[in-house]
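The values are calculated or read from the model by the stated rules, or taken from the named source; none is laboratory data. Predicted model, so just to flag it, every value in this text is computed and none were measured. Positions of Cβ are generated from backbone atoms using ideal geometry, with glycine treated the same way; all protein chains shown enter the neighbour counts.
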């Protein structure tokens, strides 16, 4: 076995940068958009300082910015906005209500129907709106029926990933692979060209998610069923001889190590004062404070005062007269893509003042960061984070009607407006126009977005919030790396290296190995990055082996969509993970068998369909 000679210096540099990019994309502490931008800038600066000539012409550094105008990115962004239009108008809400009614009749059949409906819708719509729509419905069903939410949420999320693989517009990954392959001179794959192998393999996956996955997923209680801390308002009476008597409010708060939050000071019945730091406290004053029961009792002990309920100052708080929170509700809310909470802190947003709610706890990526509300104010929130909040019933209802977060325990109907039929009609027109070849998806999708805005289905604010800087930059950076690998000969070198490694193996073996490699990469790094880097390599391998490139490209596409084994593999995995209280090992336990099933099935189907056996 002879290995190919090393490529040129530029190709080696690009290969090294590709490895660095894959490492950066796995770092949780570094935002994905920052890593992508760093890779993009490194490419442009490097090729500007050290020009690369190809066929007598120079590869200009600004060519790496062309991804911002690439048709694949245009289509991805337009489809994200169109999906937001369906979500905002509630066009999919009748489907959700029908599934909710069915769950009350037969849970087993309902789970199957939920999986099938999710897969079907996700073939034409980005799966994020689908998951956002069904999360509160399924959690509400879980709370009412006693069925563990953990046994249905992960299968639902995976079903959307299976369905999204079936068409060219199902996921951004599909659009990228198809576009990059077309840029390399291959026949452009039409919307349903690879529907048959996906339907067959997805049927195997759906059966697994329906019959086996719920039985191997550990049953986990929802955070709302935990004895999570509640925050109450109480009056702390200052008694004679108290350490607070004759002291300023600032000095008194300091005696509690600065932990006590004073809402106001009551001096005489109904006479409330602004809690200024220099207010001198007197015997008989009441401090109106807000915190958990344990901390309130701690403040009572430190200041040697007496606690009274907010609505009754006749009987002190004790075991017979516990704290009560009138008209208060506890709710779980998820930070979604495009939310003003994303990449912000609670204190920076003045969350309590803005929404009238207190944050009790934060749940992130399966870990419980349960802390008192004033200790999480400086934590930068991420998409998928779940906040446990408490506040008046009216404020919780207002939050449900808003668009900043997803309320998981919502019992109110999802929004349904008179614009919903129009939004659904426009989305169907986008799909049909592209499927019939009347307009490419990069044209039909923006046209549909314009129609949604002109007809009032969507406002410009909603449209801009539907866009994700993370998605845009990872797509552009991935396209830039793909161009660099292709132009410098790096992709061809990797292809020759892989061919040398597999020796005289059959096309079936090579296709299967390529798919498995992409399946591993997509669960470690961005699926878009894996797809764009893998596509030129797949074409080069096919050319060197003398076989049609289409099945090799589809192997990359299918492998890059196998984002089942880790929570960071896809954004919906993070949403589902936090909502269902899953751990990293839960994803491995359920996702790895699904990856293997899809890999084995498609490894047999692709060579069979394309006559490579």
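Structure notes:
- Some residue of the range 78-90 being at pLDDT below 75, within 30 Å of residue 445 (Cβ to Cβ) and under 19 Å from the mean Cα position of the chain (by Cα): yes
- Against the list (1) closer than 26 Å to residue 130 by Cβ; (2) over 22 Å from the mean Cα position of the chain (by Cα), the condition residue 462 fails is (2).
- Every pair of residues 6+ apart whose Cβ atoms lie under 6 Å, when the first sits in the range 34-55 and is over 13 Å from residue 18 (Cβ atoms) while the second is modelled with pLDDT under 90 and outside any helix (DSSP H, G or I): 51/58; 52/59
- Listed by position, the helices (runs of 4 or more DSSP H) inside the range 423-497 whose residues that are more than 23 Å from residue 33 (Cβ to Cβ) number at least 3 are 441-454, 469-488.
- Across the range 404-423, the number of residues qualifying as closer than 16 Å to residue 121 by Cβ and at pLDDT 85 or above comes to 1.
- Within the range 215-232, considering residues that are buried (at least 19 other Cβ atoms within 10 Å of the Cβ) and not in a loop (DSSP other than H, G, I, E, B), the one modelled with the lowest pLDDT: 223
- Residue that is modelled with the highest pLDDT [pool: residues in the range 319-339 that are out of contact with any helix residue (DSSP H, G or I) (no Cβ under 7 Å at 6 or more places or on another chain) and assigned to a loop (DSSP other than H, G, I, E, B)]: 339
- Residue in the range 28-35 that is touching a helix residue (DSSP H, G or I) at 6+ places or on another chain (Cβ under 9 Å), under 29 Å from residue 461 (Cα atoms), at pLDDT 80 or above and crowded, with 17+ Cβ neighbours inside 10 Å present: yes
- Scanning the range 387-399 for residues that are buried (at least 20 other Cβ atoms within 10 Å of the Cβ) and at pLDDT below 75 returns 388, 390, 391.
Okay, residues lined up against (1) surrounded by 24 or more Cβ atoms within 10 Å (Cβ to Cβ); (2) modelled with pLDDT of 80 or more:
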position: 450; (1), (2): no, yes
position: 457; (1), (2): yes, yes
position: 478; (1), (2): yes, no
position: 497; (1), (2): no, no
position: 504; (1), (2): no, no
position: 546; (1), (2): no, yes
